[in-house]
Amino acid sequence: PPTTKQRVSALGEEEHELDGGAVPPRVVRVDPFFLDESPVTNKEFGKFVRATYHETEAETFGWSFVLSSFLPNAESLEEAEVDPEAEDWVAVDKAYWRAPEGPGTSYKYRESHPVVHVSHRDAAEYCKWVGKRLPGEREWEAAARAGHYGPKNRTLYVWGDDQTTEAAKDYANLWGEGDFPWSNKAEDGWQATSPVRSYKPNKFGLYDMTGNVWEWVRGGKHKSRIVRGGSYVDSLDGSFNHAATLGARATLHGTTTTGNVGFRCAKAPKRRLEYHYVYENEEVDPAAELVMEGADGTRQYPKKKMDKYDEMLYEDDEFDDEVVHDPTKPRPDERRKRKRVVKPRTLTSDEL
């Protein structure tokens, strides 16, 4: 049976209670990619808005979620609507990325902080504008773990498995030891969002992969989009809100905008094209070739069509064991011109 540190998922796999990942870890392949070293800031998002006149979904709907202890006055807390699934988050009218806590507040002096109050679509639109995209979930976790994939060297946090605030304060912006949501002792130096690159990076040189703000990633459905990484309202041990581990994961409606969700962008590198030569009248299949790999490592390649000359070579003859070519005459395949085409990629599958 699972221990107190583990639980069994619907797929029958054991999951770590804090990490949220399968135990033992599953090995997956991630193609090379580029990832921003820090979340997108207010200053960067402002350039996008001014250039494209983009209206965020928080502006369109006219409200966004703000942490109750950050409201400018108590009257707004009494009158505001509260999220039934998260009672500490209040729907504040006219709160958006330029006014993070509502009317009367400003993002000024927070231009280097991660932009918040952005939906999944807002994030995707920005990434598209800069010629990038949102990272995939596997890409994000591979970058966050920075080589600590397991099974022997996987850790809960960037700094290891130490769950003390003293160990975490140099690496992540989290709530700390105060009572949530009214008392934040700011052991890490900040009570809300912090400027990007304020803490130590992981071994890949990436900042804020844990804490500060949740980050939108690709995947999921519109009513259940995925965010990763935890935020400044989360704890180390999961005693309140989420446990801010490297496997921290949550789902939100795609239109959700709050004061603790941001994003960063990714980009796939251009693949180097490989060429080979084929005869002009030879049929070329531009699709990738799938090769089946057995448990013993043997590979089964799909059968290829033979041209007329190959069929002639393999044709049985009752008089001759093989066809002898007359060297004074050109071979049938030499009469055709060759052309250079893109070599199809070969993918290996071990599913069978």
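The values are calculated or read from the model by the stated rules, or taken from the named source; none is laboratory data. Remember, predicted model here, so these are calculated numbers, not experimental data. Every residue, glycine as well, gets a Cβ built from its backbone with ideal geometry; the counts of neighbours run over all protein chains shown. Calculation scope for accessible area: heavy atoms of the full protein, side chains included, ligands and nucleic acids excluded. Shrake-Rupley method; radii C 1.70, N 1.55, O 1.52, S 1.80 Å.
Brief remarks follow.
- Selected residue (only one of Val196, Val213, Val217 is modelled with pLDDT of 95 or more, of a type in the set (A, V, I, L, M) and in contact with a Leu (Cβ under 7 Å, 6 or more places away or on another chain)): Val217
- Test: residue in the stretch 110-133 that is more than 24 Å from Arg228 (Cα to Cα), part of a loop (DSSP other than H, G, I, E, B) and either aliphatic (A, V, I, L, M) or out of contact with any strand residue (DSSP E or B) (no Cβ under 7 Å at 6 or more places or on another chain) (or both): no
- Lone unmet requirement of (1) at pLDDT below 95; (2) open to solvent by 10 Å² or more (accessible area, probe 1.4 Å); (3) under 15 Å from the mean Cα position of the chain (by Cα) for Gln191: (3)
- Identity of the residue in the stretch 147-175, small (Gly, Ala, Ser) and surrounded by 19 or more Cβ atoms within 10 Å (Cβ to Cβ), that ends up farthest from Ala192 (Cα to Cα): Ala168
- Residue, modelled with the lowest pLDDT, within the stretch 176-188, restricted to residues that are surrounded by fewer than 17 Cβ atoms within 10 Å (Cβ to Cβ) and of a type in the set (Asp, Glu): Glu177
- Only one of Phe240, Phe263 that is touching a Cys at 6+ places or on another chain (Cβ under 9 Å) and under 26 Å from Asp170 (Cβ atoms): Phe263
- Scan of the stretch 46-77 for residues that are at pLDDT 95 or above and assigned to a helix (DSSP H, G or I), ordered by number: Gly46, Lys47, Phe48, Val49, Arg50, Ala51, Thr52, Glu57, Ala58, Glu59, Thr60, Phe61
- Of all residues in the stretch 200-224, those satisfying the criterion of being surrounded by 24 or more Cβ atoms within 10 Å (Cβ to Cβ) and on the phi < 0 side of the Ramachandran plot are Met209, Thr210, Val213, Trp214, Glu215, Trp216, Val217.
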